[in-house]
Amino acid sequence: MSNTPIREPNLFDRARAHIPGGVNSPVRAFNGVGGDPVFFTRAEGACLYDTDGRSYIDYVGSWGPMIAGHAHPHVVAAVQHAAAQGLSFGAPCPAEVTMAERLCQLVPAMDMVRMVNSGTEATMSAIRLARAATGRDAIIKFEGCYHGHADSFLVKAGSGALTLGVPNSPGVPGPLADLTLTLPFNDLAAVADCLEAHGTKVAAIIVEPVAGNMNCIPPVEGYLEGLRSLCDTHGCLLIFDEVMTGFRVALGGAQGLYGITPDLSTFGKVIGGGMPVGAFGGKREYMEQIAPSGPVYQAGTLSGNPVAMAAGLANLDLITAEGFYEHLEESTRTLVEGIAREANRHGVPFRTTQVGAMFGLFFTDAGRVINFEQSGACDIEAFRRFFHLMLDRGVYLAPSAYEAGFVSSAHTEEHLEATITAAGESFRELSRA
Ligand code: PMP
C-alpha cells in the first residue's frame with residue numbers, strides 16, 4: 001500500500017459537479033469579483049476559518065444574521081438545549097409564542113406576526129396579503145432593491161440577480177412581471193407620478209428602507225415619510241422589507257430609526273441568529289386575514305420550529321442588552337472612517353455610507369450615491385481588485401460591489417485596526433497600478 005496521503009479533490013470542482021454553479025446561493029460563487037469562492041469549515045466571533053485553516057475577519061456575517069458574532073456561546077447553548085428536546089414538532093411550541101411577543105414588543109407597528117423560514121417567504125407572503133387586503137394586483141418596487149427570489153420581485157432586482165446581470169429572471173411569467181412597477185429609489189416624484197397614473201391598481205409599495213442590495217444606500221431626507229403619505233393618499237399598503245435592516249440599523253429596525261409606521265413589515269436574518277428564519281407582520285386588521293384566522297393562505301412545515309426559535313430568541317437577548325447598538329454603531333463608524341481615510345491618503349476616489357451596523361463602500365469620485373444607476377456607475381473593477389487584495393490580507397468582504405457590509409459586536413478594536421491597515425495596503429497597491 002502506498003503511503004501517499006489521499007488529497008481532498010478541489011471542493012469547488014466537486015461542488016460544481018452536483019450543485020448549479022457550485023453554490024447554493026449565487027453571490028457566494030464570486031462571480032461578482034472573479035476567482036473561486038473560499039470554503040469555510042468554522043466561524044467564531046468576528047472570524048471565519050477556511051478549509052486550509054486560514055482565518056479572515058468577516059464583514060459578511062452570513063449576510064446579516066451574525067450581529068453578535070459567530071457561534072456566540074449564548075446562542076449555541078440555546079440551540080443545543082432546544083435540539084436535545086426535539087428538532088421539530090410540526091405543532092405549536094412555547095418558543096414561537098415568546099418570539100411573536102418579543103417581536104411585537106420591539107417593533108411597535110407590528111400587532112401580529114407570522115414566522116416563516118426565509119426572507120423570501122416573508123416578502124412573498126406580505127405581498128399576497130397586501131393584494132388580498134386591497135383587492136389590487138400591482139406592486140411598486142425600486143430598482144436595485146432585492147426582496148428575495150419570488151417571481152414578483154425578480155424585476156430590476158438587486159443583490160445576486162444584479163451581480164449576475166439577471167435582474168429580470170427568465171422563468172418569471174410576463175403577465176406577472178407586468179404587475180411589478182419599478183421606479184428609481186429615492187425619487188418621490190417618480191412614485192407620485194406613477195400613483196397618479198396607476199394608483200387604483202397598486203396594492204403596495206415594498207421598499208428596503210435602507211437599500212442594502214445595491215451597495216448600502218440610505219434614504220434621502222423625507223423619502224420614507226413621503227412614501228408613507230403617498231400610500232395613504234392612494235390607499236396602498238406600505239411594506240418595509242426589513243429582512244436586512246431589521247435589528248441591524250437599530251433595535252426597532254429602520255422604522256424605529258426613522259419613525260415611520262409601515263402597514264406590513266418583513267424580517268429575517270438577525271431574528272434567526274443564523275438559523276433559517278423569516279417573519280412578516282403588521283397591523284392586526286391585515287394579519288387577521290392570514291389563514292387560519294382568515295382566507296389568505298400561507299403555511300410552512302418547519303415554520304416556528306423550536307430550534308430556530310431558540311437561536312433567534314437567544315440572539316434577541318444579546319441585542320437587547322444595554323448599549324449594544326451604541327457600541328456597534330461606534331465600531332462601524334471607526335471602520336468606515338478608517339477605510340475612507342486610507343483611501344484618501346492614497347488618492348483613491350472613494351466614498352462610504354453607514355446606517356447603524358450596516359455600511360457601503362463606493363469607488364467613485366461623484367457626489368452622494370442615492371440610487372441604482374449611480375451605484376452601477378461606480379468603478380466596479382476597482383472594487384473587484386480591492387476585494388481580492390483584502391481577501392489576501394485576511395479580510396472577508398461581501399464578494400460583490402452591490403452588497404452592504406456588516407459589523408458585529410464581536411469585532412474588537414484590534415479587528416477594526418487590522419482591517420484599516422489592510423485597506424491602507426490595498427489602496428496603496430490599487431493606486432500604483
Ligand atoms: N429582502 C431583503 C432586503 C434581503 O436582503 C434578502 C436577502 N438578502 C431577502 C429579502 C431574501 O431573504 P432570503 O435570502 O432569506 O430569502
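Computed from the coordinates by the stated procedures, all read-outs in this text should not be read as laboratory data. This one's a predicted model, so the numbers in the text were calculated from it and none came from an experiment. Cβ coordinates were reconstructed from backbone atoms using ideal geometry, including for glycine residues, and neighbour counts include every protein chain displayed.
Quote the relative contact order of segment 73-319 in percent (integer), defining contacts as alpha-carbon pairs under 8 Å separated by 6+ residues. Relative contact order, segment 73-319: 30 percent.
For the chain, the antiparallel share of DSSP beta bridges with both residues in that region comes to about 55%. Counting every other Cβ atom within 10 Å of each residue's Cβ, 18, 415, 74 order from fewest to most as 18, 74, 415. Taken about its Cα centre, the chain carries a charge dipole of about 700 debye when Lys and Arg each add +1 at the Cβ and Asp and Glu each add -1 at the Cβ.
Classify segment 73-319 from the C-alpha gyration tensor, please: rounded if a/c falls under 1.5, else prolate or oblate depending on whether a/b exceeds b/c. Because a/c hits 1.5 or more and a/b exceeds b/c, segment 73-319 counts as prolate.
Could you tell me which trypsin sites (Lys or Arg not before Pro) in segment 20-64 are loop residues by DSSP with no more than 16 other beta carbons within 10 angstrom of their beta carbon? Taking segment 20-64 and a limit of 16 other Cβ atoms within 10 Å, the loop trypsin sites (Lys or Arg not before Pro) found are 54. The distance from the alpha carbon centre of segment 160-183 to that of segment 100-150 is 19 Å, rounded to a whole number. I need the shape label for segment 172-211. Rule: rounded when a/c is under 1.5, else prolate if a/b > b/c, else oblate, with a, b, c from the alpha carbon gyration tensor. Oblate shape, in that a/c is at least 1.5 and b/c is the bigger or equal ratio. Give me the net charge of residue 70's neighbourhood, meaning all other residues with Cβ under 10 Å from the Cβ of residue 70; Lys, Arg count +1, Asp, Glu -1. So the surrounding residues net to -1.
Note on segment 73-319: antiparallel DSSP beta bridges, both residues inside, total approximately 35 percent of the bridges counted.
Under the criterion of Cα pairs below 8 Å and six or more residues apart, the relative contact order for segment 10-133 equals 10 percent. I'd like the FRET efficiency for residue 432 and residue 189, computed as 1/(1 + (r/R0)^6) with the beta carbon distance as r and R0 of 51 Å, rounded to 0.05. The calculated FRET efficiency here is 0.70. The alpha carbon centroids of segment 30-63 and segment 264-309 are separated by 30 Å. Once you keep just the Cα pairs under 8 angstrom separated by 6 or more residues, what percentage relative contact order results for the chain? Computed over the chain, the figure is 23 percent.
Each Lys and Arg adds +1 at its Cβ and each Asp and Glu adds -1 at its Cβ; summed about the Cα centre, segment 73-319 shows a dipole of about 420 debye.
A simple packing score, the average count of other Cβ atoms within 10 Å per residue, orders the peptides 302-311, 219-228, 252-261 as 302-311, 252-261, 219-228, with the highest score first. Could you tell me whether segment 183-299 comes out rounded, prolate or oblate from its Cα gyration tensor? Rule is a ≥ b ≥ c as square roots of the eigenvalues, rounded for a/c under 1.5, then prolate if a/b exceeds b/c, otherwise oblate. Oblate.
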